[in-house]
Amino acid sequence: MGLFKLGTRPSSQNVQIHTQSIKDDLLSTDILLIVGGKGTRMLVNDRAFLTVLKQYCEKAEFVLSVCIGSALLAKIGLLDGKSATSNKLAWQWVIQQSTQVNWSGKARWVVDGKYYSSAGVSAGMDMAYGFIADQHGIDIARQKAKEIEYYWNEDKNEDSFFTA
């Protein structure tokens with residue numbers, strides 16, 4: 001894939017991340033997490049990456065996207081006819097990736113079938129707890145949030161950062 005350089009690479013916060021080649025036998029996964037970030041804006045035009053991403057998404061039991069990661073899902077058509085959200089600071093760019101998505105600007109996170117999408121990074125944490133609640137019950141999600149001293153915003157339909 002053109003934009004990826006294998007090996008140890010620094011994040012924008014200078015955290016070292018080890019990357020490796022994607023192997024066909026690794027295509028099966030239960031939960032696929034797609035994060036956004038600056039690189040996403042280039043990846044929406046990388047056909048090789050999008051082809052592999054689509055294969056992973058189609059085989060995953062659940063696909064969760066954070067921030068502008070939903071732009072990638074929109075670009076490959078997996079959100080066509082579905083509801084989704086994204087980071088509000090990049091809202092106009094994200095919704096241009098597909099007019100076939102029912103974009104929900106007011107939502108903190110959205111669930112549509114196996115696809116979960118969240119607004120920004122902290123909304124991704126809220127979405128993760130929403131996912132835990134969906135899979136294991138609200139009491140478990142609340143317990144886990146309390147264990148890490150996290151104030152979980154349980155209202156997925158209200159994102160105070162949307163100002164359109």
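Data overview
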{"item": "Any chance Val111 is open to solvent by less than 20 Å² (accessible area, probe 1.4 Å) and hydrophobic (A, V, I, L, M, F, W, C)", "result": "no"}
{"item": "Single residue of Ser98, Ser65, Ser83 found to be within 12 Å of the chain's Cα centre (by Cα) and modelled with pLDDT of 95 or more", "result": "Ser65"}
{"item": "Among the candidates Asp155, Asp159, Asp126, residue that is crowded, with 21+ Cβ neighbours inside 10 Å, over 18 Å from Leu32 (Cβ atoms) and modelled with pLDDT under 95", "result": "Asp159"}
{"item": "Residue count for the stretch 63-84, restricted to those that are surrounded by fewer than 18 Cβ atoms within 10 Å (Cβ to Cβ) and either part of a strand (DSSP E or B) or on the phi > 0 side of the Ramachandran plot (or both)", "result": "3"}
{"item": "Top-ranked residue of the stretch 37-54 - restricted to ones that are more than 24 Å from Ser122 (Cα to Cα) and of a type in the set (D, E, K, R), ranked as surrounded by the fewest Cβ atoms within 10 Å (Cβ to Cβ)", "result": "Arg47"}
{"item": "Pair list, Cβ under 8 Å, 6 or more apart: the stretch 139-161 residue under 26 Å from Ser83 (Cα atoms) and touching a residue at least 60 places away in the same chain (Cβ under 8 Å), other residue surrounded by 12 or more Cβ atoms within 10 Å (Cβ to Cβ) and of a type in the set (Ser, Thr, Tyr)", "result": "Asp159/Thr85"}
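The values are calculated or read from the model by the stated rules, or taken from the named source; none is laboratory data. These numbers were taken from a predicted model, which means no experiment stands behind them. Note: ideal-geometry Cβ built from the backbone for every residue, glycine included; neighbour counts use all protein chains shown. The accessibility values were calculated without ligands, DNA or RNA, using every heavy atom of the protein model including side chains. Shrake-Rupley method; radii C 1.70, N 1.55, O 1.52, S 1.80 Å.
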